[in-house]
Amino acid sequence: MTITNQYTEHKADTVTVAKTEPDQFDIGDWTQTVGDPLLDDPRLSARNVDVFYADNQAIHNVSLDVGKNEVIAMIGPSGCGKSTFLRTLNRMNDSIDICRVKGEIILDGHNIYDKSMDVVELRAKVGMVFQKPNPFPKSIYDNVAYGPRIHGLVSRRAELDEVVETALRKAGLWDEAKDRLDKPATGLSGGQQQRLCIARTIAVSPEVILMDEPCSALDPIATARIEELIAELSENYTIAIVTHSMQQAARVSQRTAYFHLGKLIEVGDTDKIFTSPDHKLTEDYITGRFG
Amino acid sequence: MDKSHFDRHTSAQYNAELEEARKNLMQMGGLVEQQVEDALKALMEMDTALAQRVIETDKTVNDMELEIDEECTRILALRHPAASDLRFVIAVTKAVNDLERMGDEASKVAKHTLELADTGSGPQGYVELRHIGEKVRQMVSQSLDSFARLNTDSAFDVLQQDQAVDLEYGTAIRTLVTTMMEDPRTITRALNVMWSLRSLERIGDHARNVAESVIYLVKGKDVRHIKLDQVEAQIKKK
């Protein structure tokens, strides 16, 4: 996870819009997102976001708000753009050369795609947890201490110890890891590694945590612990999670957004989406009628 | 939502399980409908043999309730149904419960018929019984039909009929009370008629519940305990 300056050069200004024929998308009479994508007091706002991989448009005009201390789940069939969209929220797509983003993502009143935005700082504010646990080949302690060190958040060792302990406690890993902080992180189990990655993310005090299928490589018990953790973290953080498990989306989130072929089809309270969604595509997907 | 809606899952096995539950519900519905019809016929014609059969059928109805409930539990546990599938399973579970209770009430009518046959027949309450009975039988049939066709208009009609039956029931009870006061010798008989009326009225209520389940299933709206005009508005809403 080396962050270099190449990411601060964003290509949004040089985007040319690929012409898209509506009928190439088999989504019936889609005209606009059903439900309530916008909120009164959002933490993070996406406005008219288009994402292109070379000439292919992966995301079509998505506008979506994420509320404070809210867990929002993004679901949809493979290739629907949910991960792509999630990655635009902290400019993770910058690392892909052919990827271009149009539109605005507003965090704390600033468009994160502004040229003046410091991407390193942005990614401290908007942290990310990936599908496969990816601890650094360092000790458990150093994994968590890495962020605070490079961001210069602490000046003394004692302070750093405290940050590491707090992060590990919040991630529910402290009891298991406190006696082996100097041991390699790769020696932890998959579920522990994933919680370590979450600890590493929250060690830099982010505002928003993005999770891209954080449990798909974990067993049911480790999954349950992560889900429990998501519920606890949502008291202090805003969380956007992409998941293929609809039951997981139903369990952990307050709002659910359904993506289909790069379009945001429906957004609504999770209860509503899973009992009586308004859009037929949402209905078909969550009831297992295609995909 | 149309009937084919339940037949388009990626998993054909899942389709088959839902279809099985639907089929069994309809079969149970048919049995209960017959039970209600027979109970009425036995009452009107004082046919004690038929009344006995109605009481015996109740066992089959109870068994079917258990069987379908078990099926639904299995679908919930293994398939984790969502949205319309979830509503379908919930609606089936509720409808099965209501059908079983209808069966119970039909047996009660049959038991009162046997008692009435013992005490000897008389004209009091006969017209009301026939009238309310016929209406209720119609409601049962229509509620099942609206479930099979997923037809909310027809289900709403059942709700309206139930209101009419409730009114008629009130009137019939008042008439019977007057009869009892005028001639205490009729009390035993009038009570049996009253209880039969009560059972029929309850069957109507259960038919109404089934119809409400249909509206929940199709529209995703819970229309229990609200006024009819509000129900109508919910149905019309897209």
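None of the figures in this text is laboratory data; all of them are computed from the coordinates on show. Source: prediction; values computed, not measured. No Cβ is skipped: glycine too gets one built from the backbone with ideal geometry, and neighbour counts run over all protein chains shown.
Hey, fewest Cβ within 10 Å first, where do A:95, A:78, A:253 land in order? Could you put the intermediate results ahead of the total?
Values: A:95 12, A:78 8, A:253 25.
Taking fewest neighbouring Cβ atoms as first place, the list is A:78, A:95, A:253.
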Next item on the list: Return the sequence-ordered ³J(HN,Hα) values of the range A:238-249 in whole Hz as given by the Karplus equation 6.51 cos²θ - 1.76 cosθ + 1.60 applied to θ = phi - 60°, using x for Gly and Pro.
Entry: 9, 10, 10, 10, 9, 8, 8, 8, 5, 5, 5, 4
Next item on the list: Determine the alpha carbon to alpha carbon distance for each of A:280/B:219; A:125/A:183; A:138/A:170; B:108/B:135; A:115/A:138; A:272/B:94 and list only those over 23 Å.
Entry: A:125/A:183; A:115/A:138
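Treat the count of other C-beta atoms within 10 Å as a stand-in for reagent exposure and order B:225, B:9, A:260, B:80 from fewest to most.
On the way: B:225 6, B:9 20, A:260 26, B:80 16.
Exposure proxy ranking, most exposed first: B:225, B:80, B:9, A:260.
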Check: For the Cα atoms of chain A, what angle does the longest principal axis make with the long axis of helix A:220-233, in degrees from 0 to 90, nearest 10?
Finding: 90 degrees
Margin query: Suppose each label sits 7 Å from its Cα in the direction of the beta carbon; what would the residue B:80-residue B:117 distance come out to in nanometres?
Written below: 5.5 nm
Notebook entry, point to check: Residue by residue through the range B:209-224, which ³J(HN,Hα) values in whole Hz follow from phi under the Karplus form 6.51 cos²θ - 1.76 cosθ + 1.60 (θ = phi - 60°), with glycine and proline marked x?
Noted result: 4, 4, 4, 5, 4, 4, 5, 4, 4, 7, 9, x, 10, 7, 10, 6
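Only counting other Cβ atoms within 10 Å, I'd like B:224, B:208, B:189 sorted with the fewest neighbours first.
On the way: B:224 11, B:208 23, B:189 20.
Neighbour counts put them in this order, fewest first: B:224, B:189, B:208.
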Checklist line | Per-pair calculated FRET efficiency, R0 = 56 Å: residue B:34 and residue A:78 via Cβ, rounded to 0.05 | finding: 0.65
Margin query: Around residue B:129, under 13 Å between beta carbons, what's the net of Lys plus Arg minus Asp minus Glu among the other residues?
Written below: +1
Next item on the list: Could you tell me what fraction of 2.2 N^0.38 Å the Cα radius of gyration of the range A:169-291 comes to, as a two-decimal ratio?
Entry: 1.20
Margin query: If I model a spin label at residue A:98 and residue A:47 as a point 7 Å from the Cα along the Cα→Cβ vector, what separation in nanometres do I get?
Written below: 3.1 nm
Next item on the list: Ignore the peptide's own chain and count Cβ atoms of other chains within 10 Å of each Cβ in A:276-283; give me the average, rounded.
Entry: 3
Next item on the list: Quote to one decimal, in nm, the extra length available between residue A:175 and residue A:235 on full extension: 0.36 nm per residue of separation minus the C-alpha distance between them.
Entry: 19.5 nm
Notebook entry, point to check: Given only helices, namely DSSP H runs of n ≥ 4 each adding -39500 (n - 2.57), what is the per-residue ellipticity at 222 nm of the protein assembly as shown, to the nearest 500 deg cm²/dmol?
Noted result: -18500 deg cm²/dmol
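Please report the equivalent ellipsoid semi-axes of chain B, computed as sqrt(5 x eigenvalue) of the Cα gyration tensor, largest first, in whole Å.
Working: eigenvalues 264, 84, 27 Å².
After scaling each eigenvalue by five and taking roots: 36, 21, 12 Å.
Which trypsin sites (Lys or Arg not before Pro) in the range A:140-230 pass both tests, a DSSP loop state and at most 10 other beta-carbon atoms within 10 Å? Show your work: numbers first, answer last.
Details: sites: A:149, A:156, A:157, A:169, A:170, A:178, A:180, A:195, A:200, A:225; in loops: A:156.
Loop-located and lightly packed - A:156.
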